[in-house]
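Only one structure is covered here, and it is reproduced in the block below.
Every read-out reported here was derived from the displayed coordinates using simple, explicitly stated rules and does not represent laboratory data. These numbers were taken from a predicted model, which means no experiment stands behind them. Here Cβ is always computed from backbone atoms with ideal geometry, including for glycine, and neighbour counts include all displayed protein chains.
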């Protein structure tokens, strides 16, 4: 048994430019934002990023760190299209491999099981085959002879995910409504790093086993980052910070980055957010 606790800086110190990195969560829900912000404080770039995209993609795209994105969507949920991602696409600063949501999931399953691809019906008859001409089809070797899309495995050098609780060995627990495939991201990657709202010495005896979605065998490091999913939701620990998300979506990138991302640590970011909320409340009174 090994203590796998790290800092955000320790995690980023193990990443390199040119890597393929998976980011867990879904849209603007339970994203490992503290790890993404640590990545932004580094010089790492030229990344291929695999994600059910949210502000993780917006931040990295606005900062020019993504070479290629593999995703079914990039959304802030309450704001349908991530604006900083949209701006990057309009400028042509990153390439996109767009997959149907089900195709994306089976690509994760293929990678987690160390298969080169998995056959799926999703995508047949849709424009996903037209916009991704590198996709191939396969024919069933059995009597049915059915044609399927051969979804390639979404292999990763590293995965970053955020969970509600984790222990020092690398077991991770979600307490919200959905696991968001974080287990598959960890299993599909060569290395995986779990940030969490709170580290626990042990999980209570009455813990529901199904909530322990991430197992230590697939985890390289664990980081305690209270409020580390901000500004995305991480229920029941905290909801999405909708006022701050709106600020992010409507503020020019250089201005947002200067105020909130120019500090030297996650503590600096959290302090800047608290100061903004204080100012906002003072203006409303």
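Order 169-181, 217-229 from most to least packed using the mean count of other Cβ atoms within 10 Å.
In descending order of packing, they fall as 217-229, 169-181.
If Rh is defined by the Kirkwood formula over all Cα pairs and Rg also comes from Cα, what ratio Rg/Rh do you get for segment 23-113?
Rg/Rh: 0.95.
Compare 70, 120, 208 in a GNM of the chain, Cα atoms joined below 10 Å, and give the one with the largest fluctuation.
Result: 208 has the largest fluctuation of those listed.
Just to be sure I understand: of the beta bridges DSSP finds with both ends in segment 142-228, what percent are antiparallel, rounded to 5?
The antiparallel fraction comes to roughly 20 percent.
Explain nothing, just the number: relative contact order of segment 1-145, from Cα pairs under 8 Å at least 6 residues apart, as a whole percent.
Rounded, it is 16 percent for segment 1-145.
Taking the Cβ-Cβ separation of residue 275 and residue 67 as r and a Förster radius of 41 Å, what is the calculated FRET efficiency to the nearest 0.05? Kindly include the intermediate steps, with their values, before the conclusion.
Working: r = 34 Å, r/R0 = 0.84.
Efficiency, from the Cβ-Cβ distance: 0.75.
Please report the spacing between the Cα centers of segment 31-97 and segment 132-180 in Å, no decimals.
19
With each run of n ≥ 4 DSSP H residues scored as -39500 (n - 2.57), what mean residue ellipticity at 222 nm is computed for the chain after dividing by its residue count and rounding to the nearest 500 deg cm²/dmol?
Computed mean residue ellipticity for the chain: -9000 deg cm²/dmol.
Between residue 282 and residue 127, what length in nm is gained on full extension when 0.36 nm per residue of separation is reduced by their alpha carbon distance?
50.8 nm
Normalised by the number of residues in the chain, what is the relative contact order in percent for Cα pairs under 8 Å and 6+ residues apart?
20
I need 109, 277, 162 ordered by Cβ neighbour count within 10 Å, fewest first.
277, 109, 162
Under a point spin-label approximation (7 Å from Cα along Cα-to-Cβ), what is the residue 9-residue 203 distance to one decimal in nm?
For residue 9 paired with residue 203, the spin-label model returns 3.2 nm.
Order of 251, 97 from fewest to most other C-beta atoms within 10 Å?
251, 97
Have a look at the chain and give its Rg and Dmax from the Cα atoms, expressed in angstrom.
Values for the chain (Cα only, Rg and Dmax): 19.1, 73 Å.
On full extension of the chain, what length is gained from residue 190 through residue 250, given 0.36 nm per residue of separation minus the C-alpha to C-alpha distance?
Gain on stretching residue 190 to residue 250: 17.9 nm.
Determine, for 1, 105, 156, 19, the number of other Cβ atoms within 10 Å of each Cβ, and report the residues in order from fewest to most.
Working: 1 7, 105 20, 156 25, 19 17.
Ascending Cβ contact count within 10 Å gives the list 1, 19, 105, 156.
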